[in-house]
Amino acid sequence: MSRILVAEDEERISSFVEKGLRAEGYSTTVAATGPDALAFAISGNYDLVLLDVGLPGIDGYEVLRRIRASDTQLAVIMLTARSSLADTIAGLDGGASDYMSKPFKFDELLARIRVRLRDAGQVGSTTIEHAGLVLDLRTRRLTAAGRTVDLSAREFSLAEEFLRHPDQVLSREQLLSRVWGVDFDPGSNVVDVYVRYLRAKLGSDRIETVRGAGYRLV
């Protein structure tokens, strides 16, 4: 199990990210200050760090500099509300493995985490399989009973969520937060629309509606 440090001082974001990562099978720790983040990061107990730039005590850039002074291999994805090119360059030049601006979509964050862990040798298989469905995370292709199914980027992300949790009921709220992101309108019917799209491509019997609870891949 890969171990991820979430260094984020905004509790709403850290809680959202931590819950989502745990649902994906990652082991997580949250640090709300720069000094705590640095202490955890250099302990050698983590495979990847999600590092907010605006941490109190020591900012993310300085935490990154000190991490790199002791560990050049640890994967670090910087998270920031600053979206200028200069900030991105500063983070990457400082040794960040990747750089994401807030607000971000959780499925994109997961994809970037998988890439960085894979680069570090922490992620093995690049395919997810269940009951005749095979999702290739590297080529982003889905095959169903041997035939290739064309999916849009959002359909692919939704299919990935279902395939990572087969036979498990996923609520609309869970799917919204994981696939569309923390800032998406919770009253939207976009989940229902995209489930219909997937049913049309995979078969109407593959995704079951659980009344009052959500959807389940069967």
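The values are calculated or read from the model by the stated rules, or taken from the named source; none is laboratory data. This is a predicted model, so every value here is computed, not measured. Glycine gets a Cβ as well: all are built from the backbone with ideal geometry, and neighbour counts include every protein chain shown. Accessible surface areas use protein heavy atoms only, side chains included; no ligands, DNA or RNA. Shrake-Rupley method; radii C 1.70, N 1.55, O 1.52, S 1.80 Å.
Evaluate the distance, in nm, between pseudo-label points positioned 7 Å from the Cα of Ser101 and of Thr33 along their respective Cα→Cβ axes.
Calculated label separation equals 3.1 nm.
What does the charge count around Arg164 come to, taking other residues whose C-beta lies under 12 Å from its C-beta (Lys +1, Arg +1, Asp -1, Glu -1)?
Spelling it out: positives minus negatives among the neighbours equals -4.
Students often forget the sequence filter, so: which lysines lie under 28 Å Cα-Cα from Lys201 once same-chain residues fewer than 8 apart are removed?
Within the straight-line limit of under 28 Å, Lys201 reaches these lysines: Lys105.
If you roll a 1.4 Å probe over the heavy atoms of the protein chains, what accessible area per residue do you get for the stretch 1-74, in Å²? Before the final figure, lay out the partial values.
On the way: 3310 Å² over 74 residues.
Normalised by residue count, the accessible surface of the stretch 1-74 is 45 Å².
Which ³J(HN,Hα) values in Hz, rounded to whole numbers, follow from the phi angles of the stretch 98-108 under the Karplus curve 6.51 cos²θ - 1.76 cosθ + 1.60, where θ = phi - 60° and Gly and Pro get x?
7, 8, 10, 8, 8, x, 10, 8, 5, 5, 5
Cα-based Rg (one decimal) and Dmax (whole number) for the stretch 1-61, in Å?
Spelled out, the Cα radius of gyration and Dmax of the stretch 1-61 are 10.8, 31 Å.
If you roll a 1.4 angstrom probe over the protein chains with everything in place, what fraction of the accessible area of the chain belongs to carbon and sulfur, to the nearest %? Working shown, then result.
Values: 4890 of 10340 Å².
Carbon with sulfur: 47 percent of the solvent-accessible area.
What spacing in nm lies between the two simple spin-label points modelled at Val190 and Ser152, each 7 Å away from Cα in the Cβ direction?
1.0 nm
Amide H to amide H, which residues 5 or more places from Ala31 or on other chains are under 5 Å from it, using H placed in the peptide plane?
It is Val6, Ala7, Glu8, by chain and number.
In Å and on Cα atoms, what radius of gyration and Dmax does the chain show?
Here Rg and the maximum Cα pair distance are 18.4, 54 Å.
Mind checking the dipole of the chain: about its Cα centre, +1 per Lys or Arg Cβ, -1 per Asp or Glu Cβ, Debye to the nearest 20? Don't skip to the answer; put the middle values down first.
On the way: 28 positive and 31 negative charges, 148 e Å.
That gives a dipole near 720 debye.
Given points 7 Å out from each Cα along the Cα-Cβ axis, report the Thr143 to Ile89 separation in nanometres with one decimal.
4.5 nm
Along the charge dipole of the chain, pointing to its positive end and built from +1/-1 on Cβ of Lys, Arg, Asp and Glu, which listed residue (Leu158, Leu142, Ile113) has its Cα farthest out?
Leu142
With every protein chain present, what accessible area does Ser27 have (1.4 Å probe, heavy atoms only), rounded to the nearest 10 Å²?
For Ser27, the solvent-accessible surface is approximately 50 Å².
So if R0 is 25 Å, what FRET efficiency would Arg3 and Val134 give, r being the distance between their Cβ atoms, rounded to the nearest 0.05? Display every interim value, and only then the final one.
Numbers: r = 28 Å, r/R0 = 1.13.
The computed FRET efficiency comes out at 0.35.
Quick one: net charge around Val6, please, counting Lys, Arg +1 and Asp, Glu -1 for every other residue with C-beta under 10 Å from its C-beta. Walk me through the numbers on the way to the answer.
Values: positive: none; negative: Glu8, Glu18, Asp52.
Once positives and negatives cancel, what remains is -3.
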